[in-house]
Structure formats: C-alpha cells, structure tokens
1. If only one of R391, R386, R409, R370 is surrounded by fewer than 18 Cβ atoms within 10 Å (Cβ to Cβ) and either acidic (D, E) or at negative phi (or both), which one is it?
2. Looking at segment 47-68, which of the residues that are under 23 Å from W97 (Cα atoms) and of a type in the set (D, E) is surrounded by the fewest Cβ atoms within 10 Å (Cβ to Cβ)?
3. For segment 347-354, indicate whether the set of residues that are under 23 Å from G116 (Cβ atoms), without any contact (Cβ under 8 Å) to a residue 24 or more places away in the chain and of a type outside the set (S, T, Y) is non-empty.
4. If T125 satisfies every condition in (1) assigned to a helix (DSSP H, G or I); (2) open to solvent by less than 10 Å² (accessible area, probe 1.4 Å); (3) not aliphatic (A, V, I, L, M) but one, which is the exception?
5. Sort out which residues of segment 359-387 are touching a helix residue (DSSP H, G or I) at 6+ places or on another chain (Cβ under 6 Å) and more than 17 Å from S449 (Cβ to Cβ), and write them in order of number.
6. Spot the failing condition for V25; the list is (1) crowded, with 24+ Cβ neighbours inside 10 Å; (2) at pLDDT below 95, and only one is missed.
7. Hey, can you tell me all the residues within segment 90-110 that are in contact with a Leu (Cβ under 7 Å, 6 or more places away or on another chain), within 27 Å of V486 (Cβ to Cβ) and either crowded, with 19+ Cβ neighbours inside 10 Å or of a type in the set (D, E) (or both)?
8. Identify all residues within segment 143-155 that are farther than 9 Å from S232 by Cβ, in contact (Cβ under 8 Å) with a residue 12 or more places away in the chain and either more than 20 Å from the chain's Cα centre (by Cα) or open to solvent by 10 Å² or more (accessible area, probe 1.4 Å) (or both); write none if there are none.
Amino acid sequence: MADLISSTTLKHWLDERAELALFDVREAGQFGEGHLFFATPLPYSRLELDAPRLAPRKEVRVVLVDDNDGVAIRAAARLEALGYRQVLVLDGGVPGWAVAGHTLFKGVNLPSKTFGELVEHAYHTPHISALELEQWRREGKPFVLLDGRTLEEHHKMTIPGSVACPNGELAYRIAALVPDADVPVVVNCAGRTRSILGAQTLRNLQLANPVLALENGTQGWYLAGLQLEHGSQARYPDQVPEDLTAARGAAERLRRHFGIARLDAAQAQAWVDDSTRTTFVLDIRSEAEYRARTLPGAAHAPGGQLIQATDQYVGVRNSRLILLDDEQVRAPVVASWLYQLGFEVAVLAQGIATPLRLPSVPAAGWTLPRADARQATQQVKQGSARLLDLRSSAAYLKEHALTSQWLVRAQLAQWLRSQETTPHTVYLIADSEAIAALAAQDLREAGVSELAWIAGLEPLRQANWPTAVDAAALSPQQRIDYLFFVHDRHEGNAEAARQYLAWETALIAQCREGELEAFRLDRLPA
C-alpha cells in the first residue's frame, strides 16, 4: 500500500524547485469542479495509458490525489506495477486539502489560464470588444482576424471572416496573412487566453501592425447577440514561407531576450541522458509536419496548445523541455512563453535534423479479445452476461445499447459490490480497446471470469440489438466525466459562457503568492 503525504508536506514540495508529478486521478468532471492549482489531470480510467507520457522518468516523485475514496490507492498500485518507485497518496485527498485551508480551483488548464490573465495585466495587451469589431465590419474598415485555436475548434465555430492560424504558427505564417503594415490584426479564441497570448506574441515579435485581442472571443461575440460562423475552412496557407529572414531575426531576439538556451547535439544529448532529471523533447510543429518527418522518439505538442494546455503534455513540475522545429522560428517563440510559464526550456540549433538519440516509445500493450456481438447479445438476453458502457457520458446519452449500464473504471469495484453475485461474463462497450483492457484488468482481479471488448455501438446494431436515446438516463451528478460549465458554453448555453468568462477573470485573485511566483513576467521585450 502506498505511503501517505500530508497537505503540509505537499505544499512544501510544491514550493520547492525539485521535480514533482502531482496527478489528480479523478474523472474530468470531478477534477474541473475543484482541484489543486498545479495538479495534472490523469483519470484512473486512462492511468496506465497516459502516465508514461506525462511522467517518463520512473524515479520521479509522484503524488496522487483523489476524493479520499480509495481510487488513489488503487492508482498507486498500478503505477508501482509500471515501475514508478516513489508513489505517494495525499492524505485526505481533495477534501483534506481544503480542510487544511488551501484553495481548490475550478476549471481546466489552470496554470496556463492564470498565466494568460497575468500576461494581459503585465503587458497591457490591447483588446477590442465584439461590438467594436462588428462596428469596424459595418463601416468597411480593413482588418485581419486570426483564430488562434486549433483548426478543429475553428471549423466548429468562429467569428465570421476569421482565418485559422493556431498561436504556435503565428510567427511562422504572419507575413503571408497580413497584406501591409497598416491594417490592424485582431486575434480571437473561444474565451480569453489564446486571444491574449496570440496578440501578445505578435507584439513581442514587434509586428509593425496594430495588434489587438478580441475580448472574450467567440463567447463574447455570442453574448453580444452576434452570429457565429460554423464550418469555416479558412486557414493559413500550407506552403513554406519563401523568406524567413525577418521571422528568424524576430524569433532570435526573443530567444536572446529571455536567455533561452540553444543546444547543439552534444548539449541536448547530455540533457536527455541525465538520469536525475526529466526532459521532454517536443515537436511543436503541425500534426501534418510531425507525421511527415520528426526526430525519432520526440512527442508531438503543437506550440499553441502546449502554451494553452501545458498540463496535457507535461506532467512533471520543474522538468526540462527541449522544443523542436525545422526553421528556427516557431520553437524560439513558443519557448519564450514556456520560459515565462516557469519552465527550464531550450531549443535545438538544428531542430528535427539534430542527431539526437531519444528513448524509444514503448508500445501500449493493453489488449482485450474482441467480442462476437451476436453471441454477446444472446448471452445478455439469456441473463448470463452484462453490458457495461465505458464511453463518455455524452456519447451514452446520445445513444446507448438497451440494458447497458454506464460506468467509468473507478466505479467498477462499487458496481460489483452492488451485485447479488459476481457476473461471470461482462462485455465492455468502448471506443478504445486499451480503455476496455484497463477496466477489464480491474474486473478480472475482482472475480469476473470472461471479458471482451465491443467497439462502440455499431457491432451491436449489426447484431440487431436495440439502442435507446434517453437524455435523462444519467443525472448530472452521475456524469463525473463531464464538466458542464466548460463544455456547455459551446452548445449555446449563455449562462455557461458567462460563468466561464467570470471564472477566467477571477483566477488571479484566488491564487496565493507561492502559486504566482512560479511565473516569470518581470520584463518586456525591448
């Protein structure tokens, strides 16, 4: 059984400069309703899949947090089985942290979101409201509107006329997107963070144009009574810019200003080979570029998202980051923000062409036999087997197999205890074989003899098994994987949008001094 750590000791560790992986093993909805500021979400349902990526060095100190319900204890045993050597559990979990007088934070990507608010205050990033921008449009005033989010988010909904250019691409693509030095450039996102950081990126690069952040992004646009555009395909041009001289010069000025290391092959290899430190090697280019060619062993972390949601890629505080590009523009600019976020970060002199030896990425290895859907449904009909649905609660409510029960991995033990007898056969409906295999591991250890995976609902439909649509099949309290105020703001819920924007603007006031001291926002580029 894992050792416990007190809230007092954990607070002391968080204020240190030593490496620490602080993993919250609850589901996304639970995490988003209240968690420790520097906690990284690592749901127990995905634990063994994501832990090696978020904490690749097995010797790192790991602290697990739950709702004081035993899930962290089970998670600790799983991580120890993977080879992690220093795994502890926060005594009392999240409730114990609150009882000790420490703040719990709602929402997601807390360090990055708080950082965005700090950037606006520190750099006085100019902004424009939705109504002001719409007035520009009505008057025919020329401007360039860039969406700093992912291409997928832009396609779902954006401001009319906006062109997709994820923030990590701005320094590399801006020359092809702006016709002259006089036209204003406005950067939007869904809320605040990427609008602020995108606009400030262009200002830090000393772009000659006036640059503004669209205040409150698509949510502010919607709340102002203006129509959003859906299905936009407008995006930055794919071709490599012809002349990168000015872009490289601007990126190099930022690198030098923030004192970011530019490593040669030997220096980078020394970082990678240092067994006492965790080093993440991240290719920050687009997914298409990464798939076409990268440094073997490097992970993909598109630059804009790496800044926006750092905790989705890096799970070890005070670790080191090496960023890769192939043109010496994007990596230095993204590194300038990660430095200010508090990381020790470097770029490679030769980018992805650097002859660097990286550890091989281990194969997932989590498999489960695929069920014969007709045989499975026959057994369920006879009462000799059960159907458990491990997909998202949103997918379950949209449509689910009749008689199936929705659960997440952390709830399986409680579900088994509620059964009169342990079922002999359980079929797991899941979108991922690996997710089903992890749940099957827990069920098998609890006495379930026969387990198999059904790949979503389609095999059941083909076996003529009925499905149901019932929006009331799960209560909001049951949907522990779903954070309502974050997700519902994109589904036309105005109150959720207002709540989200109020949450973002209130973040700084909730932080204690030790949390804000992690950031480095003390000097502007000249």
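1. Every option except R370 fails the conditions.
2. D67
3. No, because not a single residue in segment 347-354 is under 23 Å from G116 (Cβ atoms), without any contact (Cβ under 8 Å) to a residue 24 or more places away in the chain and of a type outside the set (S, T, Y).
4. Evaluating T125 over (1) assigned to a helix (DSSP H, G or I); (2) open to solvent by less than 10 Å² (accessible area, probe 1.4 Å); (3) not aliphatic (A, V, I, L, M) leaves (1) as the failure.
5. A364, W366, T367, A373
6. Among (1) crowded, with 24+ Cβ neighbours inside 10 Å; (2) at pLDDT below 95, V25 violates only (2).
7. Selection gives L90, V94, W97.
8. F143, V144, L145, L146, T150, L151, E153
The values are calculated or read from the model by the stated rules, or taken from the named source; none is laboratory data. Owing to the predicted nature of the structure, the values given are computational and were not obtained by experimental measurement. When we count neighbours, we look across all protein chains shown, and the Cβ atoms used for this are built from the backbone with ideal geometry, even at glycine. Ligands, DNA and RNA are stripped out before the accessible areas are found, and what is left, the full protein with its side chains, is counted by its heavy atoms. Shrake-Rupley method; radii C 1.70, N 1.55, O 1.52, S 1.80 Å.
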